[in-house]
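Reading through the structure tokens given below for one structure.
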Amino acid sequence: MLQALKTVLSTHYSTRLKKIPQDLSQLMESPKAGGRGHVALPVFAWAKELKKAPPLLATELAAELSQDLAPGLQSIEAVSGFVNFTFAGNYIQDLLVREILHQPEKVGHSQVGNGRKLVIDFCSPNVAKPMHVGHLRAAVIGQAIVRLAKTQGFEVVGLNHLGDWGVQFGKLAWAFLEWGKDYPFAEKPFDSLYKLYVRFHDEAEKNPALHDVGSKMFKRLEDGDAEVEALWKQFVDISLKDYQRIWDQLGIHHDLVRGESFYNDRLKVVEKMLQEKGLLEESGGAQVVRLDEAGMPPCLIRKSDGASLYATRDLASAIYRMEELNAHVNLYVVGVDQTLHFRQVFEVLRKMGYAWVDHCHHIAFGMYRFKDTQISTRKGNTVFLEDVLKQATERVQAIIAQKNPALADAGRIAKQVGIGAIVFNDLMNDRIKNVDFDWARALDFEGDSGPYVQYCGVRCLSLMRKFGRTISAQMTTVLSSEEEVALLRCLLLYQDTLKNSYAHFKPHYLAGYLLEVCRRFNQFYNKCRILGEARELEEARMTLVQMVHTVIGSGLYNLSIELPDAM
Ligand code: ARG
């Protein structure tokens, strides 16, 4: 794609421009919106060195390079401080056909990761509690980054840092022994577990002594009591099974579950290391690492009652991922409200001397807000993730019943479109922003939405079906209308979009790009006749349609959204 063009140019012109090809290629970019050509070379830095006005230098360079056109190149022109290169139409078409249609499942891939390992901790809920819409964000952003990282050649390990340890498990175990028989654990295990959790907290509000009872039970668990441990294990299994049922609907997959309990034996080791490095201090009976010079409150390592903390487990888990799993990159897809926590953890790791901490990143995201509803587990007005997915499917089902009642397999398609709408609506905006959720917008088939992109892909597929023959994937005619040229240019950018989207861990670059492809496609579709044109033109346009279909399908896949085959 664009990279291939940059390579051609930088190899060809490196001697003339007195730069090594790699540097030259790095400098090159896609012309700014509305700019002409396929590749632009900014000359500002050179102009400064040479003490020349950038437009003048660009004009001189364009004239010089034009004397010796690189293979496939049609023209070179100066556009203010840039030298813009335009390739011949057939050259661009052949390149796109090769890169998109010859290996459709790898379209746009690069080798930035070079097989190195990337561990990503995403959507790690707390046992016995249903996932709420906050987990939806962690799930979809995380899964998109998983797929983006794979396109860049990383070996990805999706990890679930399950909240499976703490005093609440003593409370739950006690509640189970006391009231367990009142709930249908055999038929509805997770629902029963959650009801037990809620009941315990309700009763404890009236009778605070229950908290102590729960703590005692937790102590038994910590001491390895077999009976309590069996209960605990059961709670974890019940929860994981239920989470996976919901994750399946979203295409979420973890490769490893390494819950908080996994680090129980490693906490002592971390504390010892901190002690030996002279980082541990006592403060009001608790053990802390001071972070004054970094302008942060101390990081709590062990509470005065001896309980270890969330942060200590995250120190242990970072060391585990980097040193035992041999990760090169370690990501945490967790809400922005935990920003201080991760800054503290990373700072402590830095003080411990771990240079790899620069490869640990908190991938923060904003809150999810439904109109008039706040998210909280305690208050009982939580918006559960599963309900949102169910509602999305039902709403799309109603739209289909109204607009296209004859649609075959409507149930499956409603799911693909409904869930796709939720996911796209989330990934379309910069993750750090809050999502103000509005059903009408997420399901607007004509606006910037998942269904809009899916519909465009389906339109391509339906053209391919009507065409009825195998598309030769040969473009003997050069497509030259404004709409066609713009669409082809847009396709050239797919690879760079994946690369940038990964590099900044920002799936919305890709989502925005897909919207742009669809807009360009619709302009082409409205302007140019496709079926019924003279044979060669029809073939060329259908090849373009197939390329658009492939890029939309691939792009949606990388956002973990399915492309239906009809709508
Ligand atoms: N269980 C936590 C929660 O639901 C998220 C865990 C994130 N991962 C981590 N390594 N701290 O808020």
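The values are calculated or read from the model by the stated rules, or taken from the named source; none is laboratory data. Keep in mind it's a predicted model, so treat the numbers as computed, not measured. Cβ atoms come from the backbone with ideal geometry, glycine included; neighbour counts cover every protein chain shown. Heads up: the accessible areas ignore ligands, DNA and RNA and are worked out on the full protein's heavy atoms, side chains in. Shrake-Rupley method; radii C 1.70, N 1.55, O 1.52, S 1.80 Å.
Sorting the Cα pairs of the stretch 255-343 by distance into bins of 10 Å, from 0 upward, gives 15, 47, 34, 5, 0 percent per bin. Relative contact order of the chain, taken over Cα pairs closer than 8 Å and 6 or more residues apart, is 16 percent.
Along its principal axes, the stretch 166-311 has C-alpha extents of 54, 43, 30 angstrom, given from the largest down. Using a probe radius of 1.4 angstrom, the carbon and sulfur fraction of the accessible surface of the chain is 50%.
Once the gyration tensor of the Cα atoms in the chain is diagonalised, the equivalent ellipsoid follows with semi-axes of 51, 33, 17 Å, ordered largest first. Sorting the segments 541-548, 282-289 by their mean number of nearby beta carbons within 10 angstrom, highest to lowest, gives 541-548, 282-289.
In angstrom, the C-alpha Rg and Dmax of the stretch 120-196 are 16.7, 52. With a threshold of 23 Å on the Cα-Cα distance, the over-threshold entries among Lys150/Lys415; Lys129/Lys390; Lys51/Lys499; Lys195/Lys233; Lys272/Lys303 are Lys150/Lys415; Lys51/Lys499. Which of the lysines could a cross-linker bridge to Lys52, judged by Cα under 19 Å and excluding same-chain residues fewer than eight apart? The reachable lysines, counting only those whose Cα sits under 19 Å from Lys52, are Lys18, Lys19. When the helices of the chain are scored as -39500 (n - 2.57) per DSSP H run of n ≥ 4 and the total is divided over every residue, the value at 222 nm lands at -17000 deg cm²/dmol. To the nearest µm²/s, what D does Stokes-Einstein give for the stretch 296-348 at 37 °C and 0.692 mPa s, using the Kirkwood radius over alpha carbon pairs as Rh? Estimated diffusion coefficient is 272 µm²/s. Here the chain is assigned +1 on the Cβ of each Lys and Arg and -1 on the Cβ of each Asp and Glu. Its dipole about the Cα centre then comes out at about 800 debye. Does anyone have the angle between helix 2-17 and the longest principal axis of the chain? Alpha-carbon axes, 0 to 90°, nearest 10? Once rounded, the angle reads 60 degrees.
Applying a 4.7 Å Cβ-Cβ cutoff to the chain, the cysteines left without a disulfide-compatible partner are Cys123, Cys299, Cys360, Cys460, Cys490, Cys528. Extents of the stretch 35-109, taken as max minus min of Cα coordinates on every principal axis and listed largest first, are 48, 25, 19 Å. Quick check: Cα centre of the stretch 63-97 to Cα centre of the stretch 161-188, how many Å? Using only Cα atoms, the two centres lie 68 Å from each other. Cα centroid separation, the stretch 549-566 to the stretch 203-228: 49 Å.
The simple Förster model, with R0 at 25 Å and r as the Cβ-Cβ distance, assigns Thr11 and Lys51 a FRET efficiency of 0.30. Once the gyration tensor of the Cα atoms in the stretch 33-189 is diagonalised, the equivalent ellipsoid follows with semi-axes of 59, 20, 13 Å, ordered largest first. By DSSP, the beta bridges lying fully in the chain are antiparallel in about 50 percent of cases. Rounded to the nearest angstrom and listed largest first, the equivalent-ellipsoid semi-axes of the stretch 93-155 from its Cα gyration tensor are 33, 14, 7. The slack between Arg98 and Gln523, meaning 0.36 nm per residue of separation minus the straight C-alpha distance, is 150.6 nm.
With only the Cα atoms considered, the stretch 493-567 has a convex hull volume of 95 Å³ per residue. Scaled to the globular estimate 2.2 N^0.38 Å, the Cα spread of the stretch 426-526, given as radius of gyration, is 1.25.
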